[in-house]
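To start, the structure under review is shown below, and the notes come after it.
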Amino acid sequence: NDSTAAKPSSQIVAQPTTDHKQKQCNLQSNNCRHRNMRFSSLTLLVLVVAVSASSAKGTIDDSSKKYADAEGVDRHLGKNKKKKKKKKSKCEFKPLPIKKSDFREPRWERIIAKAFPPWELPENGCPRLTELGGELEEGYETFPTPEEGKFNPCYYTKAFAGLDPEFGGYPTPIDTHYPYEFAAPFLKQPGDGSVHHCAIDADNSVDIGGCPKLGQCPGEKDCAVVTDEYGIGHIPPFVPLAAIKNAYNSCDVKCDEWFDYDTNGCNIKKSALDALVLDEFGVEAEDGKMVVKFQPPILLDGKPSSTYYRLEYIGEGNVCDAGNCRGPHYCSEEVANAGNIWGDFCPYVETGKNSGQYRHPHIALAALELWIANQCMPKKCPTKWLDSPNGQNYGEDATKSTSITWAEMEDNDDPMSQPKVSYIWPNAVGLDGGIFPGHKLYNGKMVKPAPGTYVTEVVAN
């Protein structure tokens, strides 16, 4: 079902209020304490909407549809005739900016900056460390200053995702309406709002990364099942990003099939995403059922994988040689050896020339969706995400944000900090004497009314 109004029966939809308090943040001094933040009273409306299995299945019924090549040209040569070329039809969509030195892949940072314009960059670039957990490198000590309506160009942690951009984060996949997230609800359990469904009564010391994701192929990595109840299970955003990119570069965009403004605003419809993903990555398993298999977003044998996405910056330099990094998260050896610390609590790349340059693939996906929507519906879909229907009411109240409850850090005032060893969850101060969010964002409630779609059946069992 493409409409954001219809959700599976095991999901929670919470409606937001619009009370908004202006917040100040000075990252240049490494201090975002926000001690004086005030929050409005909460109104929580929980809606449970049943969706039949046949309806869920209907979202993928057209998955076998192939998109025709809009630029195909027949060429006929007579035996003794001079070769005659027909003109190719011109694609009506503007080409994506490319980076020649990156296998002519899209220049994602430029596409993202169009939808999520950044604050002014420090003169020498983003701050960087001498080593993981080390000191700031000389000449790279200055943090950018927040600007209203813009986003942080020096990004080190997703701790502030879902909060007002002045905190230094970007929207979460829940905020960008990513349909394959299947996030856990906000019930004060470890991993709230993440793709890891830890039990509601899980011990605070549990390794969140070890809790299950919804719809994964049993015992197989980089694979998701397709079911009647949920359709395609959880897949990382770089999978549909690759599928959309390939269709767009082939001029296979169909505005009337991809978009329905009344139900999905400037987001691509789920049925269209399903078709694109299954066409690119869908395979039939041994039991005859459909699954989605994909490669990691990296270079394989020196060449881009089928989902390659440069801005993950995985394994930069030699700081991961000890096996301490967790995907794009750069954990210290001490943190990695602790055994129960979720890698997502570790910072993104913070050493070398690419320090602070990580960007989430779901942000690239949201930017690409808006890039296309603006061309299909220019009067309805502006180029900036915050101005579009997709970003309506984003970040207006931290107590209704999709921000994940964070862990205690070595330095609760430093966005480049490593998690504290021994591991402590949740963060003890949580935006009240530190910059990292904790349970205080629940405002004394058992449920945080963050608007979005969540799966409750796993954490409740």
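The values are calculated or read from the model by the stated rules, or taken from the named source; none is laboratory data. Everything numeric in this text was worked out from a predicted model, so none of it was measured. Glycine also receives a Cβ, built like all others from the backbone with ideal geometry; neighbour counts cover every protein chain displayed. SASA here: full protein model, heavy atoms, side chains in, ligands and nucleic acids out. Shrake-Rupley method; radii C 1.70, N 1.55, O 1.52, S 1.80 Å.
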> Heavy-atom accessible area of E316 with all protein chains present, probe 1.4 Å, nearest 10 Å²?
Replying inline: 50 Å²
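Based on alpha-carbon atoms only, what is the radius of gyration of the stretch 232-341 relative to the globular estimate 2.2 N^0.38 Å?
That ratio works out to 1.36.
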> Where in the stretch 136-177 does the label zone of E120 land, with the point 7 angstrom along Cα→C-beta and an amide N cut-off under 19 Å?
Replying inline: 140-155, 166-168
> For the residue pair L299 and R107, what label-to-label distance in nm results when each label sits 7 Å from Cα along the Cα-to-beta-carbon direction?
Replying inline: 2.0 nm
> Taking a probe of 1.4 angstrom, what is the accessible area of H329 in Å², to the nearest 10?
Replying inline: 10 Å²
> Along the Cα-to-C-beta direction of M377, a point sits 7 Å from the Cα; which residues of the stretch 252-290 have their amide N less than 13 Å from that point?
Replying inline: 255-270
> Which cross-chain or sequence-distant (5 or more) residues have an amide H under 5 Å from the amide H of I98, H modelled 1.01 Å from N in plane?
Replying inline: R107
> Using heavy-atom solvent-accessible surface (probe 1.4 Å) with all chains present, what is the largest-first order of V292, V447?
Replying inline: V447, V292
> Measuring from centroid to centroid over Cα atoms, what is the spacing of the stretch 403-461 and the stretch 101-143 in Å?
Replying inline: 26 Å
> So, with a 1.4 angstrom probe, what is the percent of accessible area on the stretch 169-212 that is carbon and sulfur?
Replying inline: 52 percent
> Cα-Cα over 32 Å: which of K188/K254; K188/K303; K353/K448; K221/K420; K150/K353?
Replying inline: K188/K254; K188/K303; K353/K448
> What FRET efficiency would be calculated for the residue pair E457, A285, taking the C-beta separation as r and a Förster radius of 25 Å, to the nearest 0.05?
Replying inline: 0.60
> To the nearest 10 square angstrom, how much accessible area does C126 have with a 1.4 angstrom probe?
Replying inline: 10 Å²
>> Give me, ordered by chain and number, the residues 5 or more places off Y454 or on other chains with an amide H under 5 Å from its own placed amide H.
In response: I12
> With all protein chains present, how much of the accessible area of the stretch 215-345 (probe radius 1.4 Å) comes from carbon and sulfur, to the nearest whole percent?
Replying inline: 44 percent
